[in-house]
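Report on the following structure.
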Amino acid sequence: MAKVPEEDILEEKPGLEQKKLLLLVVIISSVFLAIMGTGFFILWNKITPHEPKAEQKHEEVKHEKQDEEKNGERPIYSLSPFIVNLADQDATRYMRITMDLELAGEETKAEIEKRLPQIKDAVLTIIPAKTASEVSTVKGKISLRDELIQRLNSFIKKGKITNIYFTEFVIQ
């Protein structure tokens with residue numbers, strides 16, 4: 001077997017150094033171009049806004065609210081859930097009810113928040129006077145809704161409650 005000198009193994013081949021240098025230049029150029037492209041992209045997005053200005057958005061929202069009120073869509077005020085005993089004599093029954101109040105206008109919302117203790121008290125005095133059989137039927141629910149609307153509107157001076165939506169109605 002022929003002996004290979006150790007010096008030949010450790011020596012680099014001619015042209016390999018030039019290839020490394022060329023590869024390094026290509027990598028550095030690619031990274032530089034990527035950074036420049038990203039910078040131009042960000043700058044372009046800041047120069048040309050895609051969304052309308054905040055003032056325009058505010059005016060659009062105002063017009064949408066006015067359109068909704070004109071189209072019959074009214075503001076809704078959600079009440080927290082109520083858990084009450086029902087007036088059944090034969091068994092202890094509980095009712096969990098959650099309601100949303102449909103208001104005549106935005107000014108009524110402030111009035112509702114001001115009168116919230118009275119509203120909660122009225123709900124907590126009307127519902128426990130009912131039995132499970134009275135409020136289980138559709139007719140009973142409509143009657144309860146009408147009674148609540150009439151009583152709650154007696155507290156409100158500005159505007160009125162136009163409807164009540166039962167979003168949870170559980171009797172146990």
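Nothing in this text is a laboratory measurement; each read-out follows from the coordinates by a stated rule. These numbers come from a predicted model, not from an experiment. Here Cβ is always computed from backbone atoms with ideal geometry, including for glycine, and neighbour counts include all displayed protein chains.
Ile83 to Thr162: FRET efficiency via 1/(1 + (r/R0)^6), r the Cβ-Cβ distance, R0 22 Å, to the nearest 0.05?
After rounding, the FRET efficiency stands at 0.25.
Taking 7 Å along the Cα-to-C-beta vector as the label spot, tell me the Phe32-Trp44 distance in nanometres, rounded to one decimal.
It works out to 2.1 nm between the two label points.
Can you tell me the length gained on complete extension of the stretch Ser143 to Ile126, counting 0.36 nm per residue apart and subtracting the Cα distance?
Full extension from Ser143 to Ile126 adds 5.0 nm.
Would you work out if region 100-172 is rounded, prolate or oblate? Take a ≥ b ≥ c from the square roots of the eigenvalues of the alpha-carbon gyration tensor; rounded if a/c is under 1.5, else prolate when a/b is larger than b/c, oblate otherwise.
Prolate shape, in that a/c is at least 1.5 and a/b is the bigger ratio.
Subtract the Cα-Cα distance of Glu113 and Glu73 from 0.36 nm times their separation in residues, and report this length gain in nm to one decimal.
Extra length from Glu113 to Glu73 when fully extended: 12.4 nm.
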